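A short write-up of the structure that comes next.
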Amino acid sequence: MTLIKKKRLNKSPIRPGKILQTNDHTGKQVSGKVFMTKGFKIETPELVEIIPIYTKCNSCQIFLGSKETDLADVLNYNCIECFELQIEEEFSTNMVLVSPIVVVKRRRK
């Protein structure tokens, strides 16, 4: 007597919501999420799509470019424009706080 194993035909090899490595439109390796779309009718095939996940700027919420993502640790996950504004604000506040102290010695008469 032999046992016959049934194979599932509908089982997809990729789980939805899983994060994978994929290429974006420029060819750079980025992380991506798997999205599965099903149709309303049974006959409609299931669509599997890997969508790249892009990093957003902390200040203005615009997606970062490839150079900005490479330097994300240095720029504190900001775009270059927001980082420049942040540095200018810190520089101007430091200039006000660090003013030279003038010491005048007065003699008693």
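Near the amide H of Ile62, within less than 5 Å, lie the amide hydrogens of Cys57, all on another chain or at least 5 residues away, with H placed in the peptide plane. Pick out, in residue order, every one of the GluC sites (Glu not before Pro) in region 22-54 that is DSSP loop and has at most 16 other C-beta atoms within 10 Å; say none if there are none. Sites meeting the loop and neighbour criteria: Glu43, Glu46.
Given +1 at the Cβ of Lys and Arg, -1 at the Cβ of Asp and Glu and no other charges, the dipole of region 55-97 around its Cα centre is 160 debye to the nearest 20. Between Asn78 and Asn58, the built amide H atoms are under 5 Å apart, and every one of these is 5 or more places off in sequence or on another chain.
Inter-label distance, Thr26 to Glu81: 1.7 nm, where each label sits 7 Å from its Cα along the C-beta direction.
Values in this text are rule-based calculations from the coordinates and carry no lab data. Model, not experiment: these values are computed from the prediction. A quick note on method: Cβ atoms are made from the backbone with ideal geometry, for glycine too, and the neighbour counts reach across all protein chains shown.
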